[in-house]
Amino acid sequence: MKEIKIAVIGLGYVGLPLARLFSTKYTTIGYDMNKARVDDLMKGHDATLEVSDELLQDAIKNHGFKCTANLDDIRQCNFYVVAVPTPVDRNNNPDLTPLYGASEAVGKVISKGDIVVYESTVYPGVTEDECLPVVEKFSGLKFNTDFYAGYSPERINPGDKVHTVEKIKKITSGSTPEIAEIIDNVYSSVLQNGTHRAPSIKVAEAAKVIENSQRDINIAFVNELSKIFTLMGIDTNDVLEAAGTKWNFIKMNPGLVGGHCISVDPYYLAQCAQRLGYNPEIILAGRRMNDGMGAYVADQTIKLMLKKGIQVLGSKIIIMGFTFKENCPDVRNTRVIDIYHALQEYNANITVYDPWASPEKVKQEYDIDIVNELPKTKFNTAIVAVAHRQFREMEINFDELLEKEHVLFDVKAILPRELVDGRL
């Protein structure tokens, strides 16, 4: 193949770090429809905080990395990587709209002999059965004759500064053995831990979708254990610590399961199975368990308040943390919103505090107000919902934050045990 020129379509949590990494070795252009996002990136700042200003500015200045919202700017590329979101709709059905849009964009610029690689999480068959026909339609080219394809599932963990993209071992695959080798070589050339070449695109798709489904089921199991042990008066974390001394025990912690991967991917696998006439029981049972944990946290908190004689109606409750996970600003599909909505039913005065989340984005997506600064008032109850560094390192004086008679519920079990009234 001629000199590789890469275009990464979609500059979010997955696409931007990958594009920045590719730019260290190849001519790379990042494409995103959001012009405001592109403008910010070209100024050297990533609002998602996945790529540091230093790395981004180095890529732009020293490696010629460019971001654009103009589709024509990527027309001269020959290796297209699609990294757009794959969400579910309000009925938890897979929403492939972003993938269709990205495939249309690729179809408008792809040329004979080019390669398109999908990174977005999908169920087996989506790349070849759903996406590539769109590329064919808009390009006028024939798949595996005029252009080729592959699948290399993303493994980005937002906010994780240890398992960064260059350190992740990537799965690769291609539509022919020769293309699979080219794709594998491109990825392995920038990865410290190399690649695993899957025998087919469908195998690579399946591997990705079960990674997060497995984690979702394991968390659902410990969430159910937490409910059982709470009824028994046993601390779940003590049980997990003890069981974790066995060499083959898989240690998971109870908690809220949100975000755009673990809480979404199982629905992709489930729908695929249902289309084939199989009703997945364990996968969907795990989803039901995890989706109910926000309401459970609210219920446990209210019970603790009532036991202490704290009036719930009109009480002042602060929820600490709103992002779907710690130390990142991402609020997509956060399950903290479930705690908020459950508490609203009790007519409590609820304040949501998160030093990482954007109040504007939260207002736009969830229509609630949050604050980035801790209010100078006292609360009857605090729920630490997210394990942000600021909370874990005890930068907050709970004596000043809470009334003398109060409830402190620690969802993530990050605070000293003597401080809290309840935790999962």
Taking only Cα atoms of segment 375-424, radius of gyration then Dmax in Å: 10.1, 28
DSSP beta bridge pairing in the chain, given as percent antiparallel to the nearest 5: 5 percent
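Can you tell me the length gained on complete extension of the stretch MET232 to MET394, counting 0.36 nm per residue apart and subtracting the Cα distance?
In short, 55.4 nm is gained.
Trypsin sites (Lys or Arg not before Pro), restricted to segment 77-118: which are DSSP loop and have at most 13 other Cβ atoms within 10 Å? Mind dumping the intermediate values first?
Details: sites: ARG90, LYS108, LYS112; in loops: ARG90, LYS112.
The qualifying sites are ARG90, LYS112.
Given that compact globular proteins tend to follow 2.2 N^0.38 Å, what is the ratio of the alpha-carbon Rg of segment 208-289 to that value? Each step should come with its number before you reach the end.
On the way: Rg = 14.3 Å, N = 82, 2.2 N^0.38 = 11.7 Å.
Compared with the compact-globule rule of thumb, segment 208-289 sits at 1.22.
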Surface/4 estimate of mean projected area, convex hull on alpha-carbon atoms of segment 89-206, nm²: 8.0 nm²
10 Å-binned pair-distance histogram of segment 292-423 (Cα, whole percent): 13, 49, 34, 4
Exposed-loop-free span, longest in the chain, where chymotrypsin sites (Phe, Trp or Tyr not before Pro) count as exposed if DSSP calls them loop and at most 12 other C-beta atoms lie within 10 Å: 1-246
With at most 12 neighbouring Cβ atoms within 10 Å, loop GluC sites (Glu not before Pro) (DSSP) excluded, longest segment of the chain: 4-344
Low-density loop positions, trypsin sites (Lys or Arg not before Pro), segment 275-327 - DSSP coil, at most 13 other Cβ in 10 Å: LYS308
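Test of understanding: express the Cα radius of gyration of segment 253-367 as a ratio to 2.2 N^0.38 Å, with N the residue count. Working shown, then result.
On the way: Rg = 16.5 Å, N = 115, 2.2 N^0.38 = 13.4 Å.
This ratio for segment 253-367 stands at 1.24.
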Rg followed by Dmax, in Å, when segment 5-199 is reduced to its Cα trace: 15.6, 46
Alpha-carbon centroids, segment 197-240 and segment 246-325: separation in whole Å: 12 Å
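Based on other C-beta atoms within 10 Å, arrange ILE317, ILE210, ILE350, ILE282 from fewest to most.
Details: ILE317 25, ILE210 16, ILE350 21, ILE282 12.
Ordered from fewest to most neighbouring Cβ atoms within 10 Å, ILE317, ILE210, ILE350, ILE282 come out as ILE282, ILE210, ILE350, ILE317.
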For segment 28-36, Karplus couplings with θ = phi - 60° (6.51, -1.76, 1.60), whole Hz, Gly/Pro x: 9, 10, x, 10, 8, 5, 7, 5, 4
Within the chain, helix-based [θ] at 222 nm, where runs of 4 or more DSSP H residues each add -39,500 (n - 2.57), nearest 500: -11500 deg cm²/dmol
Filter on LYS25/LYS61; LYS61/LYS325; LYS61/LYS108; LYS169/LYS208; LYS35/LYS361; LYS112/LYS137 - keep pairs with C-alpha separation over 22 Å: LYS61/LYS325; LYS61/LYS108
SER188-LYS137 pseudo-label distance in nm [points 7 Å out on the Cα-to-Cβ vector]: 3.7 nm
Nitroxide proxy distance, nm - points 7 Å out along Cα→Cβ at ASN93 and TRP247: 5.0 nm
Normalised contact order of segment 208-289, rounded percent, pairs of Cα under 8 Å and 6 or more residues apart: 45 percent
Built amide H within the under 5 Å cut-off of LYS66, gap 5+: THR28, GLY30
Stokes-Einstein D in µm²/s, Kirkwood radius over Cα pairs - the chain at 4 °C with 1.567 mPa s viscosity: 56 µm²/s
Dipole of segment 292-423, positive end: most advanced residue of LEU304, ALA385, TYR353 [Cβ charges, Cα centre]: LEU304
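No value in this document is a laboratory result; all are computed from the given coordinates. Everything numeric here is computed off the predicted structure, so don't read it as measured data. Don't worry about glycine lacking a Cβ; one is built from the backbone with ideal geometry, like all the others, and counts go over all protein chains shown.
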